[in-house]
1. So, in region 37-70, exactly how many residues are more than 14 Å from Ile93 (Cβ to Cβ) and under 37 Å from the mean Cα position of the chain (by Cα)?
2. Considering each of Val718, Val700 in turn, give the residue that is modelled with pLDDT under 95, under 30 Å from Pro783 (Cβ atoms) and buried (at least 20 other Cβ atoms within 10 Å of the Cβ).
3. In region 66-92, which residues are assigned to a loop (DSSP other than H, G, I, E, B), touching a helix residue (DSSP H, G or I) at 6+ places or on another chain (Cβ under 6 Å) and of a type in the set (Gly, Ala, Ser)?
4. Looking at region 126-136, can you tell me whether even one residue there is loosely packed, with under 14 Cβ neighbours inside 10 Å, of a type in the set (A, V, I, L, M), modelled with pLDDT under 90 and within 30 Å of Thr711 (Cα to Cα)?
5. Can you run down the residue pairs with Cβ atoms below 8 Å, 6 or more apart or on separate chains, where the first is in region 391-420 and in contact (Cβ under 8 Å) with a residue 12 or more places away in the chain and among the aliphatic types (A, V, I, L, M) and the partner is outside any strand (DSSP E or B) and surrounded by fewer than 18 Cβ atoms within 10 Å (Cβ to Cβ)?
6. Residues that are in contact (Cβ under 8 Å) with a residue 24 or more places away in the chain, under 26 Å from the mean Cα position of the chain (by Cα) and on the phi < 0 side of the Ramachandran plot: which strands (runs of 3 or more DSSP E) entirely in region 125-208 hold 1 or more of them?
7. For Ala589, state whether it is assigned to a strand (DSSP E or B) and surrounded by fewer than 18 Cβ atoms within 10 Å (Cβ to Cβ).
8. Which members of region 210-239 meet the condition of being part of a strand (DSSP E or B) and either touching a residue at least 24 places away in the same chain (Cβ under 8 Å) or within 25 Å of Tyr439 (Cα to Cα) (or both)?
Amino acid sequence: MRLAFSLLCFLSFCAYADEARFVMDLPLVIDEFEVGAVTVGLKGMNLMFVDGASFVRVVENHLEPAFLAAILAESDEGGDISVEGFEKAGLGIDFNQATLKVAIRPTEAQRKLKSVSSARRSTAFAADSLANISAYMNYNINQGYVHQSGLSEKGAQPLRGFLDGALNFGFLGPVTLEWAAVYDEEEEVSWARDETRLIIDDQSNAIRYAFGDVSYQSGEFQGAPNLLGMSIERLYQTLQPFNNITATGQQTFTVDKASRVEVFVNGILQSTQRLTPGRYNLSDFSFAEGLNDIELLVTDDLGRVEKISYSLFLDSSLLKRGISEFSLNAGYRRQEGFQQKIAYDFDRPAASGFYRYGITNNLTAGVQIQGEQDLKIYGIETLVGTPIGTFGVTASSSESETSGRASAGAARWKTALPDSGSIRAVSVQFASIFNERNYMSLGQDDPNSTYRYQHQARVSGALPGDVFIGLAVRKAQAHQHRGADEKGVSISLSRRFRWFTSNVFIDHVESDEDETSIFAGISVPLGNGRQLRGRYDRLRKTTGLNYSDFPVNVVGDWSGSAEIVRVTQNEEEHRASGSLSYTANRFVAGATHDYAQEGFFEGETEERTLLEFSGAFVITDGHAALSRPVYDAFVLVTRHQTLSDTKILVNETLAGPTAIANNFGSAVIPSISSYRKQEISWRADNLPSGYDLGNTNHHVVATYKSGSHFTAGSGANVVAIGTVASAANMALKAGIVRPTDGRDFPDRQTFTNRNGRFVVQKLEPGTYEIDFGSGRKAQFSIPADQVGYMDLGTIIQDDEQ
């Protein structure tokens with residue numbers, strides 16, 4: 001205020017001093033909010049010009065680029081914009097002599113469109129808590145036994161199993177070597193390698209590089225045979241799983257005053273944010289496929305509430321403007337067949353790729369290319385979003401030395417209809433597909449398309465009474481000698497009742513032989529992951545009843561299933577099967593038993609048992625442990641030596657802990673998903689009295705098949721309690737605790753109460769002094785085997801006056 005008053009006095013003086021001219025920096029205001037400082041020229045008490053460079057720096061995030069360019073076009077040779085220049089460009093500007101602030105008044109159309117993102121938005125979580133080197137090796141052993149069979153010899157079957165694992169080079173970034181091998185006692189060469197590849201992830205750009213045995217994405221009409229070579233792909237869902245790259249159409253809203261904005265998507269509150277005045281759209285929220293109901297509650301500082309409602313249509317194939325997806329792959333084709341050994345045809349190099357780009361939020365286009373020595377395939381695709389739905393067209397052409405040139409194409413349309421009373425979530429889809437007889441895709445040795453034309457239409461939605469219905473019709477014209485023409489219609493119905501869910505599917509096909517199939521099912525949830533299901537299949541003439549207890553991935557969990565089935569398709573047959581699995585801390589063991597008999601307890605019998613045992617060995621930065629099988633990344637939690645007799649329960653749930661660190665080794669969480677932020681927590685069972693466990697809640701963002709390491713507890717676990725004895729008044733004195741034995745240990749703070757009593761947390765064994773200032777210090781020691789609470793008793797203060 002003093003500065004503003006001084007400047008005001010100075011300007012007032014200058015106004016009478018021959019209308020002096022001068023340049024200074026003043027705040028720029030938009031909608032009563034200061035957005036930065038601009039350099040201005042004043043003459044007396046009047047605004048003459050604004051420096052263009054400083055103006056752009058402050059307002060580039062607030063004004064439309066085209067409008068800002070029009071303002072800059074009014075600059076003079078020195079880069080200054082006069083008041084008349086602003087007015088000519090259409091922007092109102094004022095100088096408040098009382099507050100010494102410059103204000104501009106952009107219209108809604110002149111404001112830059114801003115984006116309101118979900119509070120959970122994360123383009124790419126940075127990897128955290130990763131080891132420099134980590135690795136795991138899974139093992140799986142299964143032993144079969146035939147009790148009775150008309151097809152196989154009785155007795156123990158050949159032992160089979162597999163190994164797979166990964167070596168992650170964390171010090172290089174997201175670099176992983178993954179491998180696998182299979183074992184079959186029956187084969188002449190028992191061991192055989194499976195797929196092996198080097199994976200390098202560029203998470204910031206969502207690109208994955210793979211070298212070795214590669215599999216990859218493909219577009220419509222493209223084949224994707226496995227290759228020995230390299231692959232470069234943009235994988236948003238894998239590397240940036242929380243980044244929404246799907247276009248949602250353009251829908252904006254305006255906030256006139258600073259307000260709190262609550263965003264509801266399909267009735268669920270997804271974000272609460274405070275927004276300044278301006279134009280906004282929504283991005284990175286959890287929109288569902290199809291039509292989404294959006295509701296905004298805008299509450300200003302006076303408590304006035306405005307409700308804004310509209311709908312957004314989401315098509316998962318329609319990319320945002322400027323977003324691209326691609327897959328580029330080259331190598332040698334794997335030999336076809338079911339042999340155990342992986343082999344490649346080094347006389348058949350092949351390449352495959354596609355590229356898709358969001359030209360606008362409503363237009364996505366792409367190209368496709370594939371080929372090998374005697375086959376070339378080209379394709380294009382276009383996807384257009386309109387108010388009545390999304391239209392997509394794909395066209396492809398193949399040219400083969402043996403089969404000549406042929407083409408294929410598809411046209412698709414899908415839309416979602418707004419809710420009407422109790423009819424809701426209605427979606428409509430249509431597709432028409434064309435294949436010439438000799439069209440080939442990569443991976444085919446001969447043309448094999450069955451149908452020349454296929455037309456399909458489907459509508460689905462929810463009816464009154466929470467009945468979900470789906471209706472579909474289709475018609476197909478077959479190539480001569482490859483099949484028969486076909487027409488079909490199907491209907492599906494499902495409804496959830498209070499205690500159970502039922503579903504029915506009916507499909508009628510008219511072809512060489514007319515056929516009607518009916519499937520009916522009912523499922524009854526029993527709680528705690530258990531379910532009872534019954535089914536009837538008219539086509540396969542089966543009736544069955546199944547009980548399942550699904551695994552919950554905690555230590556000590558038992559899961560399994562039991563099923564009985566009656567089949568009357570050819571001859572009457574009865575089947576019974578059961579499985580049982582136990583999830584231990586460091587392995588998973590299971591057994592499956594299958595029984596089948598012709599007739600009703602008569603005729604030929606088939607009876608088999610399979611025993612399975614699996615686990616893993618993991619290592620991260622020199623710490624090793626046994627574990628259940630690892631499926632992606634893992635976290636290892638070790639105990640500090642001061643907790644050698646204490647169990648550490650990791651990620652505990654109502655059903656039990658996910659892993660336990662005990663006398664058999666560290667705890668391992670084997671089910672961490674890469675590139676997703678996940679919480680890790682632990683607690684100690686029978687923690688020593690007074691032991692300071694420290695921070696027990698952490699988060700980890702793992703890279704692909706990486707390992708992370710945490711330590712539960714530390715040497716700094718002692719809580720020391722004592723009393724300072726001194727003639728001086730020690731009431732409420734602050735002190736600094738520091739080691740005196742030369743250790744690198746952080747200082748701790750403490751203070752005394754009125755009686756000179758103090759508490760110091762997170763100390764480790766050693767000698768210390770408490771410095772109360774003015775040369776007053778007290779000495780104490782903590783023995784090497786001390787954990788938890790320690791009563792120091794009365795310590796003598798040395799007064800160094």
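1. 6
2. Numbers: Val700 fails: under 30 Å from Pro783 (Cβ atoms).
After ruling out the rest, the residue left standing is Val718.
3. Ser75, Gly79 - these are the residues of region 66-92 that are assigned to a loop (DSSP other than H, G, I, E, B), touching a helix residue (DSSP H, G or I) at 6+ places or on another chain (Cβ under 6 Å) and of a type in the set (Gly, Ala, Ser).
4. The answer is yes, given that some residue of region 126-136 is loosely packed, with under 14 Cβ neighbours inside 10 Å, of a type in the set (A, V, I, L, M), modelled with pLDDT under 90 and within 30 Å of Thr711 (Cα to Cα).
5. Taking only residues 6 or more apart or on different chains, the pairs are Ala406/Arg437.
6. On the way: elements: 133-148, 160-169, 175-184, 191-193, 197-202.
Strands (runs of 3 or more DSSP E) meeting the threshold: 133-148, 160-169, 175-184, 197-202.
7. Details: assigned to a strand (DSSP E or B): yes; surrounded by fewer than 18 Cβ atoms within 10 Å (Cβ to Cβ): yes.
Taking the combined requirement at face value, the residue satisfies it.
8. As a first pass, look at region 210-239 and keep what is part of a strand (DSSP E or B): 210-214, 227-234.
Listed by number, the residues that qualify are Asp213, Val214, Leu227, Leu228, Gly229, Met230, Ser231, Ile232, Glu233, Arg234.
The values are calculated or read from the model by the stated rules, or taken from the named source; none is laboratory data. These numbers were taken from a predicted model, which means no experiment stands behind them. Cβ coordinates were reconstructed from backbone atoms using ideal geometry, including for glycine residues, and neighbour counts include every protein chain displayed.
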